[in-house]
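One structure is given here, and the rest of the page talks about it.
Nothing in this text is a laboratory measurement; each read-out follows from the coordinates by a stated rule. Predicted model, so just to flag it, every value in this text is computed and none were measured. So basically every Cβ, Gly included, is an ideal-geometry build from the backbone, and we count neighbours across all protein chains shown.
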Amino acid sequence: MSVREIITNPYADQKPGTAGLRKKVAVFQQPHYLENFLQAIFDADPRLHGGTLVIGGDGRYHNRTAIRTAIAMAAANGVRRVVVGQGGLLSTPAASHLIRSLGAAGGFVLTASHNPAGEDGDFGIKYNVSGGGQAPESLTDRIHGISLGLTRYRTVDGVQVDLDRRGSQNVGELQVEVIDSVDDYAHLMQSLFDFDLIRDWFKDGHRLCFDAMHAVTGPYAQRLFVDLLGAPATSLLNAIPLEDFGGGHPDPNLIHARPLVERMHGADAPDLGGASDGDGDRNMILGPGLFISPGDSLAMLCEHLHLLPGYRRGLAGVARSMPTCRALDQVARALDIPCHETPTGWKFFANLLDAGRVTLCGEESFGTSSDHTREKDGVWAVLAWLNILAATRRSVQDIAQAHWARFGRHYYARHDYEDLPVATAQALVQALQDRLPDLVGQRHGELQVSQADSFAYQDPVDGSRATNQGLRVVFADAARIIVRLSGTGTQGATLRLYLERYETGDLGLETGAALAPLAALADRIVHISQITGRSSPSVIT
Ligand code: G1P
Ligand code: ZN
């Protein structure tokens with residue numbers, strides 16, 4: 001099997017965003033497009049030469065084609081061993097765990113997360129480094145720099161790998177191992193949670209409804225919830241992974257996980273509702289008739305995690321992304337542990353986790369995880385909630401009410417304005433940024449602006465700095481308005497407006513009603529309707 005160098009042209013648009021390189025499938029189907037990006041990675045990370053590479057994806061359209069391309073290029077670039085999930089499937093947290101536990105040099109995670117899939121949908125690739133975390137900004141910048149200057153890439157022809165047959169196969173010198181997608185991950189979960197206790201909880205008649213949204217978590221949910229924990233098979237919705245996710249939008253929120261939400265609000269709702277996204281890193285948590293916002297879920301997990309076997313020694317610290325509500329801060333204060341505030345994007349948690357400074361972290365965008373892996377982990381979050389319900393023998397409703405009574409309640413929502421002209425969105429952000437200094441001290445009814453700035457972060461572990469990570473207008477503990485542009489959209493620009501209102505007691509109001517005055521104030525401050533001409537957001541989560 002001989003290595004070929006193929007002459008190619010660089011593509012200018014291969015700069016990875018918040019979560020890797022994400023584009024329309026048609027973009028990835030351009031000649032040499034994926035190859036160029038992969039070659040830039042092989043060139044940028046010398047550890048891959050002679051090392052182990054993990055490959056897997058969320059099963060969306062183009063997954064198998066991309067995996068074959070990646071294996072051929074791995075063979076040509078001197079990788080010693082490729083470990084790939086059966087059928088090309090690995091959830092993002094499972095891939096991260098494998099990279100870590102195998103001591104691999106890195107991994108290709110083929111996913112566009114919760115974005116729709118299919119021929120007209122999106123595709124994406126994330127490069128995760130040894131240890132399992134997403135490539136840090138310094139590395140993604142290097143990859144991008146190399147991609148801009150590429151003139152040739154290396155591959156081998158005629159690669160035949162059966163992705164459905166477990167076991168070892170050879171591609172020239174390269175050993176390709178196809179493994180069960182779930183085994184290692186299931187073992188990890190068994191080491192963290194009390195499976196006997198949860199099994200008893202199910203035996204006593206408690207019920208779960210988990211929506212895999214026809215994406216990658218189907219097989220994980222089947223193994224963990226049904227085979228190992230004894231929940232009836234009817235506990236799972238949409239558990240068969242499909243290349244187009246059944247035409248749906250596998251984003252676990254109140255809008256896109258409609259069947260689950262309806263079930264949880266109907267008569268005879270199960271005790272716990274959970275859903276995960278395309279690649280299995282996001283989660284949504286519901287109780288009967290009750291949505292637990294991701295920020296609340298994170299705070300409630302922080303309050304109870306020490307009850308679970310993997311966390312009995314307590315939490316070293318916690319972290320949340322800046323726009324995530326500050327409910328977590330309240331619990332951290334009570335537990336007397338550090339609470340870090342990082343920019344949006346999971347990669348910013350990696351150093352804190354590696355340094356043992358945080359045990360639990362999360363984002364408002366339905367991402368939660370712990371130090372067991374270097375990615376957010378949807379199935380983990382559902383298992384953690386199951387274990388808490390089984391250990392406390394309390395309902396989701398009880399846990400939430402007690403939490404709000406003790407720590408107060410953060411009403412929270414994110415308003416997304418999608419597909420705006422890029423120039424308009426940038427102008428809006430710039431104009432607000434210019435006005436920030438004038439806002440400090442301003443009074444708006446009962447609220448007074450205590451701080452208004454552009455968020456910058458200095459990593460406490462390696463000292464690296466990230467600037468321009470979102471604009472925030474803070475009204476002390478009472479409220480925040482945050483504005484930033486998405487780094488994951490594939491069409492136009494997406495403006496995100498985050499609204500947070502804190503009350504020391506439960507107002508007994510539904511979130512939309514509780515936030516309406518703040519939303520109106522945000523429009524007066526940010527001028528969204530005036531500048532964009534949009535009278536309402538495209539999506540509220
Ligand atoms: C979004 C979320 C962010 C998350 C990322 C990847 O990024 O806001 O929290 O880490 O997806 O799942 P954004 O589009 O806002 O840049
Ligand atoms: Zn995802």
What is the projected area of the convex hull of the Cα atoms of the stretch 288-383, averaged over all directions, in nm²?
5.8 nm²
Taking a ≥ b ≥ c as the square roots of the eigenvalues of the Cα gyration tensor, with a/c under 1.5 meaning rounded and otherwise prolate when a/b exceeds b/c and oblate if not, the stretch 335-398 is prolate
Order by neighbour count: D43, D164, D141, fewest other Cβ atoms within 10 Å first, most last.
D164, D141, D43
Assuming R0 = 60 Å, what is the FRET efficiency of N170 and T392, from their Cβ-Cβ distance, to the nearest 0.05?
0.70
Provide the per-residue ³J(HN,Hα) series for the stretch 141-151, in order, calculated from phi with Karplus coefficients 6.51, -1.76, 1.60 and θ = phi - 60°, each as a whole number of Hz, with x at glycine and proline positions.
5, 5, 4, 4, x, 5, 4, 6, x, 5, 10
Give the order of D279, D329, D13 when sorted by the count of other beta carbons within 10 angstrom, beginning with the fewest.
D13, D329, D279
Suppose we keep just the alpha-carbon trace of the stretch 195-342; what are its Rg and Dmax in angstrom?
16.3, 46
Cross-chain or 8 or more residues apart, Cα under 25 Å: how many lysine pairs in the chain fit that? Count them up, please.
14
Using alpha carbons only, what's the Rg to Rh ratio of the stretch 420-495 with Rh from Kirkwood?
1.03
Tail fraction, Cα-Cα pairs, the chain, threshold 46 Å, whole percent
11 percent
How much length, in nm to one decimal, is gained on full extension between R443 and D268, taken as 0.36 nm per residue of separation minus their Cα-Cα distance?
58.3 nm
Extension reserve of the D120-E243 stretch, reckoned as 0.36 nm per residue once the Cα distance is removed:
43.1 nm
Give the residues of the stretch 399-429 whose amide nitrogen is closer than 18 Å to a point set 7 Å from the Cα of Q491 in the direction of its Cβ.
416-425
Mind listing the phi-derived Karplus ³J(HN,Hα) values for the stretch 320-337, rounded to whole Hz, using 6.51, -1.76 and 1.60 with θ = phi - 60°, and x for any glycine or proline?
9, 6, 3, x, 5, 5, 8, 4, 4, 4, 5, 5, 4, 4, 5, 7, 6, 10
For q = 0.24, 0.25, 0.30, 0.31 Å⁻¹, Debye-computed log10 I/I(0) when each Cα of the stretch 492-541 counts as one equal scatterer
-1.01, -1.07, -1.36, -1.41
Using the Kirkwood formula on the Cα atoms of the stretch 105-173, what hydrodynamic radius do you get, in angstrom to one decimal?
15.3 Å
For the stretch 377-423, what does the alpha-carbon gyration tensor say about shape, rounded, prolate or oblate, given a ≥ b ≥ c as the root eigenvalues, a/c under 1.5 as rounded, and a/b over b/c as prolate?
oblate
Going 7 Å from the Cα of Q30 in the Cα-to-Cβ direction, what parts of the stretch 484-519 have a backbone nitrogen less than 19 Å from that spot?
488-493
Cβ-derived FRET efficiency at R0 22 Å, S529 paired with V422, nearest 0.05:
0.70
To the nearest 0.05, what FRET efficiency results for R406 and A513 with a Förster distance of 22 Å applied to their C-beta separation?
0.40
Test of understanding: ordering V82, V161 by Cβ neighbours within 10 Å, fewest first, what list do you get?
V161, V82
Once both label points are put 7 Å beyond Cα along the C-beta direction, the R258-Q451 separation in nm becomes 4.1 nm
Please state the shape class of the stretch 162-278: rounded when a/c is under 1.5, otherwise prolate if a/b exceeds b/c and oblate if not, all from the C-alpha gyration tensor.
oblate
For the stretch 311-334 and the stretch 148-210, distance of Cα centres in Å
30 Å
Starting from the Cα gyration tensor of the stretch 386-541, multiply each eigenvalue by 5, take the square root, and state the resulting semi-axes largest first in whole Å.
30, 19, 18
Skipping prolines and chain starts, which residues have an amide H placed within reach, meaning under 5 Å, of the one on V83, given they are 5 or more residues away or on another chain?
L53, V54, I55, E177
Quick check on the chain: of the DSSP beta bridges with both residues there, what percent are antiparallel, nearest 5%?
70 percent
How high is the relative contact order of the stretch 384-541, in percent, with contacts defined as C-alpha pairs under 8 Å that are six or more residues apart?
31 percent
Computed over the stretch 3-115, the Cα gyration tensor eigenvalues, each multiplied by 5 and square-rooted, give semi-axes in Å (largest first) of 20, 18, 13
log10 of Debye I(q)/I(0), alpha-carbon scatterers only, for the stretch 458-528 at 0.14, 0.20, 0.23 Å⁻¹:
-0.60, -0.95, -1.06
Relative contact order of the chain: what whole-number percent is it, with Cα pairs under 8 angstrom and at least 6 residues apart?
13 percent
Under the Karplus relation 6.51 cos²θ - 1.76 cosθ + 1.60, θ = phi - 60°, what is the ordered set of whole-Hz ³J(HN,Hα) values for the stretch 203-210, x standing for Gly and Pro?
4, 6, x, 6, 9, 10, 10, 10
Diffusion constant of the stretch 364-474 at 4 °C, which comes from Stokes-Einstein with the Kirkwood Cα-pair radius and 1.567 mPa s, µm²/s:
70 µm²/s
